[in-house]
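Notes follow the structure.
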Amino acid sequence: MKNNTFGLPYMDISWLDVSTISDDLKNPKLIEKHRCLPLCKRNNRLILATSNPNNLVALEEFQFSLGLHVEPIIVVQEALDRIIDKVLEGEIDQLEITEEDEQRLAGIDTAETDNRLDDSAGSSADDAPVVVFINKLMTEAIRKGASDLHFEPYEDQYRVRFRIDGMLSTITQPPQGLGPRISARIKVMAKLDIAERRLPQDGRIKLRVGNKKMVDFRVSVLPTLFGEKVVMRILDSSAANLNIDILGFSDKQKSLYQRNLQRPQGMILVTGPTGSGKTVSLYTGLNILNTEERNISTAEDPVEINLPGINQVQIHPKAGLTFAGALRSFLRQDPDIVMVGEIRDLETAEIAVKAAQTGHMVMSTLHTNSSPETLTRLLNMGVPAYNIASSVSLIIAQRLGRKLCPSCKQPEHIPDTELLQEGFTPEQIATGFVSYKAKGCDNCNGGYKGRIGLYEMLSMTSELSSLVMDGGSAIELATQAKKDGMITIRESGLEKVIDGTTSLAEINRVTSH
């Protein structure tokens, strides 16, 4: 079919299988630069998919690069972008840190490096290998699904580690003398003061991946004994799946969460250590509540997931914008649902409690180890017991456990006596379930791939409220919660072992018993 404007063939490439494109034709730099895609080679002609055949620069560069006469065909840009993103996603493998990269780094003169950290550090010709090295690491971290990158200087070595599925592993060890230059380059990217090496600094980097996707890196620089340690946390909104059915809730837990979300007022608290998935759990709830009829406002530090339809505020303590200050402003803006990133002090807690008592749904997080401990934590902050009893409706404590790779997991035999000691009930053992262990293959990380939530949900019953009013301890509160039907984090994990999602070894790593 001919295109009337250009007199060139038109093609619908939405059906195209990218695996049919020869590797010899893939030039990621040119494909990304011009958003054109080589499809195939016919004799000495290159068939090039493009939405703009008037881009003669693109045609010439592809012709020069591949040594073929270019014949463009017209395609719809939107469909072309989708195919190109698939191709480039497959080509990211080329960006892995290679032995050649490390040799190039080793060839840099590291003498007097400490004296070269001026305003141009990280951008000189000598630093070009460092620039490429860091860019590759950031891209590789995204490809591998890492949550954090650690750049760590020591007396006799420098190492880079990725945290993947909650576990740190060494990726590469560049020359130890390059540490200052690497940290300087990252500080330039994060718009930090490269001359300041005595105090901690925090910043952000935006990295474009593909055509439209932007990934944020939260950067923390910390002076250590042998140089600056840099940690990058990847904030990839597009990678967050807010589907409640895949988080790991049991049917009972999911029903309890959804029921409390629909209450007209009250407080839902999500607790757990850093990196336990609290933000995703909260935003899954907000996503359910996000309708045209509701006014939803959030105060966060930082804003990790962007949700259209929700008014998100980035906390800025240095400018005077705190969680408490943002929360006060929210209450003057006719809110229905308010989310506070974290309750850190009595002032924020008191305002949140007041909001929950005056017709608003309040959602927030705390750093505690279990849901009963959250109640005592609020008491220790100074929140009156009667306010806690009347405002808190649901507390969710959580951890993240690694899922077994379905391609290589292996059955393992565990004696019944050991299963009893681990916490399985006689009824569970009687079902004859098969437990699995990790093995490891090319598709996973040491036998595990992805993570799933382990949850403990405490619903505020009248009995628990009375116990809070009477000053009950965390142990007494936990005992009462279990009487009311609460499943602990470990029990939630053991259920994941029974259904083959994870291994007993992983549950023992994540939880205590």
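The values are calculated or read from the model by the stated rules, or taken from the named source; none is laboratory data. Small disclaimer: the values here were computed from a predicted structure and weren't measured. Note that each Cβ is placed from the backbone with ideal geometry, even for glycine, and that neighbours are counted across all protein chains shown. Quick note on the areas: whole protein, heavy atoms, side chains included, nothing else; ligands and nucleic acids left out. Shrake-Rupley method; radii C 1.70, N 1.55, O 1.52, S 1.80 Å.
Among the residues of segment 471-490, those identified as over 34 Å from the mean Cα position of the chain (by Cα) and touching a residue at least 60 places away in the same chain (Cβ under 8 Å) are Gly471, Ser473.
Residue-wise test of (1) part of a loop (DSSP other than H, G, I, E, B); (2) at pLDDT 85 or above.
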residue	(1), (2)
Ile83	no, no
Glu102	no, no
Phe133	no, yes
Leu137	no, yes
Glu155	yes, yes
Arg159	no, yes
Ile171	no, yes
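Just a yes or no: is a residue in segment 200-216 open to solvent by 50 Å² or more (accessible area, probe 1.4 Å), modelled with pLDDT of 90 or more and in a loop (DSSP other than H, G, I, E, B)? Within segment 200-216 (the criterion being open to solvent by 50 Å² or more (accessible area, probe 1.4 Å), modelled with pLDDT of 90 or more and in a loop (DSSP other than H, G, I, E, B)), the answer is yes, since at least one residue qualifies. The set of residues from segment 328-345 being closer than 19 Å to Ser393 by Cα and aliphatic (A, V, I, L, M) comprises Ile337, Val338, Met339, Val340, Ile343.
Here Leu88 fulfils each of the conditions (1) closer than 16 Å to Met138 by Cα; (2) modelled with pLDDT of 55 or more; (3) outside any helix (DSSP H, G or I) apart from (3). Of all residues in segment 371-406, which are under 19 Å from Asn260 (Cα atoms) and either part of a strand (DSSP E or B) or open to solvent by 10 Å² or more (accessible area, probe 1.4 Å) (or both)? Matches in segment 371-406: Asn387, Ala389, Ser390, Val392, Ser393, Leu394, Ile395, Ile396, Ala397, Gln398. Any residue that is at pLDDT 90 or above, touching a Ser or Thr at 6+ places or on another chain (Cβ under 6 Å) and not hydroxyl-bearing (Ser, Thr, Tyr) - is there at least one of those in segment 283-293? Checking segment 283-293: not a single residue is at pLDDT 90 or above, touching a Ser or Thr at 6+ places or on another chain (Cβ under 6 Å) and not hydroxyl-bearing (Ser, Thr, Tyr). Considered as a group, the residues in segment 32-48 that are charged (D, E, K, R) and under 22 Å from Val209 (Cα atoms) include one that is surrounded by the fewest Cβ atoms within 10 Å (Cβ to Cβ), and that residue is Lys33.
Among the residues of segment 212-271, those identified as under 30 Å from Ile84 (Cα atoms) and of a type in the set (S, T, N, Q) are Ser237, Ser238, Asn241, Asn243. If only residues of segment 466-487 that are small (Gly, Ala, Ser) and closer than 27 Å to Phe249 by Cα are counted, the one that is least open to solvent (accessible area, probe 1.4 Å) is Ala481. Restricting segment 49-76 to residues that are in a strand (DSSP E or B), of a type outside the set (A, V, I, L, M) and over 39 Å from the mean Cα position of the chain (by Cα) leaves a set whose member that is surrounded by the most Cβ atoms within 10 Å (Cβ to Cβ) is Pro72. Only one entry of Met167, Met232 meets the criterion of being on the phi < 0 side of the Ramachandran plot and open to solvent by 30 Å² or more (accessible area, probe 1.4 Å), and that entry is Met167. Can you confirm whether segment 389-409 contains a residue that is closer than 18 Å to Ser371 by Cα, among the polar types (S, T, N, Q) and out of contact with any strand residue (DSSP E or B) (no Cβ under 6 Å at 6 or more places or on another chain)? Yes, segment 389-409 contains at least one residue that is closer than 18 Å to Ser371 by Cα, among the polar types (S, T, N, Q) and out of contact with any strand residue (DSSP E or B) (no Cβ under 6 Å at 6 or more places or on another chain). Checked against (1) under 30 Å from Ile83 (Cα atoms); (2) in contact with a helix residue (DSSP H, G or I) (Cβ under 6 Å, 6 or more places away or on another chain); (3) of a type in the set (D, E, K, R), Arg181 passes all but a single condition, namely (1). Could you check segment 435-463 and list, in sequence order, the residues that are open to solvent by 70 Å² or more (accessible area, probe 1.4 Å) and of a type outside the set (Lys, Arg)? Hits for segment 435-463 are Asp442, Asn443, Asn445, Ser462, Glu463. Screening Asp12, Asp17, Asp24 for residues that are under 16 Å from Arg82 (Cα atoms), acidic (Asp, Glu) and either open to solvent by less than 60 Å² (accessible area, probe 1.4 Å) or free of Cβ contacts under 8 Å to residues at least 60 places away in the same chain (or both) leaves exactly one candidate, Asp17. Taking first residues from segment 46-69 that are at positive phi and partners that are polar (S, T, N, Q) and open to solvent by 10 Å² or more (accessible area, probe 1.4 Å), the Cβ contacts under 9 Å between residues at least 6 apart in sequence or on separate chains come to Gly67/Asn44. Given the condition over 26 Å from Ala389 (Cα atoms) and either assigned to a loop (DSSP other than H, G, I, E, B) or in contact (Cβ under 8 Å) with a residue 60 or more places away in the chain (or both), answer yes or no: does some residue in segment 283-290 qualify? Scanning segment 283-290 turns up at least one residue that is over 26 Å from Ala389 (Cα atoms) and either assigned to a loop (DSSP other than H, G, I, E, B) or in contact (Cβ under 8 Å) with a residue 60 or more places away in the chain (or both). As a summary of the residue check, Pro273 satisfies the conditions (1) farther than 23 Å from Ser220 by Cβ; (2) open to solvent by 20 Å² or more (accessible area, probe 1.4 Å) except for the one numbered (1).
When the residues of segment 296-313 are filtered to those that are part of a loop (DSSP other than H, G, I, E, B) and open to solvent by less than 50 Å² (accessible area, probe 1.4 Å), the one that is nearest to Asp202 (Cα to Cα) is Pro302. Of all residue pairs spaced 6 or more apart or on separate chains, those with beta-carbon atoms under 9 Å, a first member in segment 409-435 that is closer than 17 Å to Thr488 by Cβ and a second member that is of a type in the set (Phe, Trp, Tyr) and not in a helix (DSSP H, G or I) are Phe424/Phe433. Looking only at segment 186-199, residues that are more than 13 Å from Lys229 (Cα to Cα) and not in a loop (DSSP other than H, G, I, E, B) come to 2 in all.
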